[in-house]
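Visitor: Have a look at this one before I ask anything.
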Amino acid sequence: MTDIPRRAVSRTAKLAALPLGFAGRTVLGMGKRVTGLASDVISAEIQQRTAEQLFSVLGQLKGGAMKFGQALSVFEAALPEEIAAPYRQALTKLQEAAPPLPVASVHKVLTEQLGPDWRDRFVEFNDTPAAAASIGQVHRAVWRDPGYDPAGGPKHRDVAVKIQYPGAGDALLADLKQLSRLGGMFRAIQPGLDVKPLLVELRERITEELDYELEAESQRAFAAAYADDPGIYIPAVVSASPRVLVTEWVEGTPLAEIIRNGTEEQRDEAGRLMAELHLSAPMRAGLLHADPHPGNFRLLPDGRLGVIDFGAVA
């Protein structure tokens, strides 16, 4: 695809297929009950199949659908293990990856946002995305920076280039409207969860997340507040435009990997640092980092917590 699927009919069709598939699985479960299969086995199977279909569709659509899936993923840690286990893997995939845009679309956005000579700003630019998220994807590059002089070294630096998907705004709002009609399905895999307040809050924050210049302002404020902090690292903003954000590259282990395979000591330390960030930022930066899903954090080799996304800041 060349951008987020924007046609309302095609996006609505994908989302509308979700409750139909769930209904079919529920009917299948009723049939298995008649044959004597244990109800807890049936419920677990329906949960797993529902989650696989749900997060597959949300990831394919990007936009508001995937943003909603990412927001749901932060509730996973609060769920009982027997409920959370069937779809933890799908949630983790959603936090870290999504189908990438083709190279031509990436170059088109860079030309629109940085100018036709955008290549002159980079020593290197990797066309293969290093990560993909709900409204944009990240490319690794080397920024040509005459004013940057790391102890007499070369005047360039490794950067992360976040590029917003074309059509992201329209897709976000359309998806959230459609998802508000699917509350019953989400309750099936997360009992007791009322998704409507979550969708209302997401809709109110969407316009902020679409503005990368606003995100750059937030990141600069955090970077100033946590400069030289022994436990938290905020990468510097190198360049910003409405749909392209260039920041220093952060090399570290994704928090999702720490959660999945890290030692107890690593997990405890990551949790401590996240708590420190979220509880101290209102006083130190006058801001609150409001998007604590694991895809936004890295544990650096020196033990600090790297924070790499400031799209949702209050």
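The values are calculated or read from the model by the stated rules, or taken from the named source; none is laboratory data. As the structure is a computational prediction, the values presented were derived from the model and not from experiment. Positions of Cβ are generated from backbone atoms using ideal geometry, with glycine treated the same way; all protein chains shown enter the neighbour counts. Keep in mind that these areas ignore ligands, DNA and RNA; they rest on the heavy atoms of the full protein, side chains included. Shrake-Rupley method; radii C 1.70, N 1.55, O 1.52, S 1.80 Å.
Visitor: Would you kindly work out the equivalent ellipsoid of segment 208-294 from its C-alpha gyration tensor and give its semi-axes, the square roots of five times the eigenvalues, largest first in whole Å?
Guide: Working: eigenvalues 116, 49, 30 Å².
Equivalent ellipsoid of segment 208-294: 24, 16, 12 Å, largest first.
Visitor: Next question. Quickly rank 101-108, 217-224 as a protection proxy: mean count of other C-beta atoms within 10 Å, highest first. Present the calculation step by step, with values, prior to reporting the outcome.
Guide: Working: 101-108: 15.6, 217-224: 18.5.
By packing density, highest mean first, the sequence is 217-224, 101-108.
Visitor: Ok, one more. Roughly what would the spin-label model give for His278 and Thr207, points 7 Å off Cα along C-beta, in nm?
Guide: Each label point lies 7 Å from its Cα, and together they span 2.7 nm.
Visitor: Provide the FRET efficiency to the nearest 0.05 for the Lys177-Lys155 pair, computing r from the beta carbons and using R0 = 35 Å.
Guide: On the way: r = 48 Å, r/R0 = 1.37.
Plugging the Cβ-Cβ distance into 1/(1 + (r/R0)^6) gives 0.15.
Visitor: If you roll a 1.4 angstrom probe over the protein chains with everything in place, what fraction of the accessible area of segment 235-314 belongs to carbon and sulfur, to the nearest %?
Guide: Details: 1920 of 3570 Å².
Within segment 235-314, the accessible surface is 54 percent carbon and sulfur.
Visitor: Suppose the chain between Thr128 and Ala314 were pulled fully straight at 0.36 nm per residue; how much longer would it get relative to their current alpha carbon spacing? Each step should come with its number before you reach the end.
Guide: Numbers: separation 186, 0.36 × 186 = 66.96 nm, distance 3.19 nm.
That pair, Thr128 and Ala314, stretches by 63.8 nm at full extension.
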